[in-house]
Each structure stands twice: as structure tokens, then as C-alpha cells.
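Student: I am attaching a structure below and will ask some questions about it afterwards.
The values are calculated or read from the model by the stated rules, or taken from the named source; none is laboratory data. Because the structure is predicted, anything quoted here is derived from the model rather than measured. Glycine also receives a Cβ, built like all others from the backbone with ideal geometry; neighbour counts cover every protein chain displayed. All accessible areas refer to the heavy atoms of the entire protein, side chains included, with ligands and DNA or RNA removed. Shrake-Rupley method; radii C 1.70, N 1.55, O 1.52, S 1.80 Å.
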Amino acid sequence: VQFGYIGPNRRLEQVLEALSPLRHDIDFRFDIMGNVWDPAYLAKRLDMLGLSDRVRIHGFVPEPELDARLAEAHLVFNLRYPTMGEASGSQLRIWNASAPAVVTDLGWYGSLPDATVFKIPLEDETTALQDLVRRLHTDRKIGEAVGAAGRQRLETHHTPALYAEGIAYVARRFGEDAAQA
């Protein structure tokens, strides 16, 4: 699965290029939910890569459907390059579904605990993605363990109470921070 507002920095093209050679060896389905930057171009690339029968572009779907797809996913692609200096609400949603995610080992994503996501380097990204898909195909328990660790991270570090504490902290410091700025 891949979802959200999917522009070129979300690495969809690179994911497709990595998956294309695997289509003969691994039976997979790749669901894309959200807004892709150029649907016509993407359709042409799917044809060129021989993936039209493996990839479904759904557009935006109702949140319950998205959550159900994430919960059943063997892998969620959450790659970014360049990063925009962001943390990822998408990653929190993936963890909420106990789904395994693969991220680019850069920025905030690179700082995530190794047990909670699969990290791949930007260099040799295609080979790393192919190796990961093969590993997950061979042993689904690996993905289940990463998904469970991600869910645990969500429950211990990203609760609504901790979020509220963070907002209160920023609000308390606002006057001092504004004066220093």
C-alpha cells in the first residue's frame, strides 16, 4: 500500500521500478490510495513496467477503507526524498494499523527506532526495496514484528495526552521564545 498526497518526492516511481522485475517471481497487489501527481503519466509507466494488472489506483478512499487496507497490508511504502523537514502523520496512521512500513533512512524517518520501520538507504534504493520485498515474501513474521513494534511505539510515544502536553509546553514557552526571536 501507498497512500496520501503522492508527489515525486514520495518515491512512487522508484517503488514501481523496483517491483516490476519481481512480478514474475512474487504474486503481489499494490494499492495506491490518495492523490497522485500525474495520473496519466502513472498509467503509462504502469503499462511500460508491466504492472497494470498488479497495481490499483483508488484515489482517495473513505478513512475506514484506508485503515482496513493498512491493517491487511504486508508492507506500506512511506518513502520520502527529498524530505520536506516533516514528521509523518502517515507513519502514525501506519503504526496505528500495526502495519510494517518502509521509509527512506533520512531526516525524521532516519531517526525512528530500527525495530519500528524498515529503513532503506537512498543509494541503491531499488536493490534495497527488492531485497526487502523478497524477505517479506519469504517470511511474513518479519513484517508482523515490525508492525507490532511500530504500534507499541505509537502507544508509548504518541498518545493524545503526550500531544496535549507538547502543545501546553509550546504555549508556556511562547512568550520567552518570541522575545528571543
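Student: With the requirement that a residue be under 20 Å from Pro100 (Cα atoms) and either open to solvent by 80 Å² or more (accessible area, probe 1.4 Å) or among the β-branched types (Val, Ile, Thr) (or both), what does segment 57-69 give you?
Tutor: Glu63, Pro64
Student: Identify all residues within segment 70-89 that are within 9 Å of the chain's Cα centre (by Cα) and open to solvent by 60 Å² or more (accessible area, probe 1.4 Å); write none if there are none.
Tutor: none
Student: Test Leu51 against the criterion of being buried (at least 17 other Cβ atoms within 10 Å of the Cβ) and under 26 Å from Tyr109 (Cα atoms), and give yes or no.
Tutor: No: the conditions fail for Leu51.
Student: Given the criteria surrounded by 20 or more Cβ atoms within 10 Å (Cβ to Cβ), in contact (Cβ under 8 Å) with a residue 40 or more places away in the chain and either over 23 Å from His137 (Cα atoms) or under 14 Å from the mean Cα position of the chain (by Cα) (or both), does Leu92 qualify?
Tutor: Answer is no for this residue.
Student: Return the total of residues in segment 27-79 being under 11 Å from Leu12 (Cβ atoms) and aromatic (Phe, Trp, Tyr).
Tutor: Looking only at that region, the number is 4.
Student: While we're looking at this one, here's another question. Out of segment 142-181, which residues are open to solvent by less than 60 Å² (accessible area, probe 1.4 Å), under 16 Å from Leu70 (Cβ atoms) and not small (Gly, Ala, Ser)?
Tutor: Answer for segment 142-181, where residues must be open to solvent by less than 60 Å² (accessible area, probe 1.4 Å), under 16 Å from Leu70 (Cβ atoms) and not small (Gly, Ala, Ser): Val146, Leu154.
Student: Could you please find all residues in segment 27-36 being over 22 Å from Met84 (Cβ atoms) and either of a type in the set (D, E, K, R) or open to solvent by less than 10 Å² (accessible area, probe 1.4 Å) (or both)?
Tutor: Scanning segment 27-36 gives Asp27, Arg29, Phe30, Asp31.
Student: Check Gln130 against each of (1) open to solvent by less than 70 Å² (accessible area, probe 1.4 Å); (2) farther than 22 Å from Arg23 by Cα; (3) in contact (Cβ under 8 Å) with a residue 12 or more places away in the chain and name the one condition it does not meet.
Tutor: All conditions are met except number (2).
Student: Can you spot a residue in segment 42-49 that is among the basic types (Lys, Arg) and farther than 23 Å from Ala87 by Cα?
Tutor: Yes, segment 42-49 contains at least one residue that is among the basic types (Lys, Arg) and farther than 23 Å from Ala87 by Cα.
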